[in-house]
Amino acid sequence: MDDFQKQLRRLRGNPTFAAAFDKKRAEAEVAFQIRRLRESKGWSQKDLAKKAGCSQQAISAVEQAGYKRHSLPLLRRIAQVLDADVVVALVPRKAA
């Protein structure tokens, strides 16, 4: 295990850090998935935008980890051309 992983494991032991980390990770995951799928096809953002019927700027925005204005219709169009599915789930929180 490298130093980063050791440090991250130590920090995740702190409940405040862990909660903040998990929130940001969830926000970034959609962006990372879109970019990974796009790059696996060898497409540029412009290529994906053309196929999904939107602008390159829209693709750039949804590939930003901090982007918070996702729309299901756009995500579905992007997923369709990337041969993927959009899955939305509401998961009950653990009882306190």
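See the values below:
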read-out: Residue match in the range 72-81 (condition: under 16 Å from the mean Cα position of the chain (by Cα), charged (D, E, K, R), closer than 16 Å to ALA26 by Cα and surrounded by 13 or more Cβ atoms within 10 Å (Cβ to Cβ)); value: no
read-out: Out of ILE34, ILE59, ILE78, sole residue that is in contact with an Asp or Glu (Cβ under 8 Å, 6 or more places away or on another chain) and modelled with pLDDT of 95 or more; value: ILE34
read-out: Failed item, numbered, when GLY53 is tested on (1) in contact with a Lys or Arg (Cβ under 9 Å, 6 or more places away or on another chain); (2) surrounded by 14 or more Cβ atoms within 10 Å (Cβ to Cβ); value: (2)
read-out: Condition check for GLN33: surrounded by 10 or more Cβ atoms within 10 Å (Cβ to Cβ) and farther than 21 Å from SER71 by Cα; value: no
read-out: Residue list for the range 1-19, restricted to those being part of a helix (DSSP H, G or I) and of a type in the set (S, T, N, Q); value: GLN5, GLN7, THR16
read-out: Residue under evaluation GLY42, criteria (1) modelled with pLDDT under 95; (2) at positive phi, criterion not met; value: (1)
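The values are calculated or read from the model by the stated rules, or taken from the named source; none is laboratory data. Here the structure is a predicted model, which is why all the values come from computation and not from measurement. Virtual Cβ from ideal backbone geometry, glycine too; neighbours counted across all protein chains shown.
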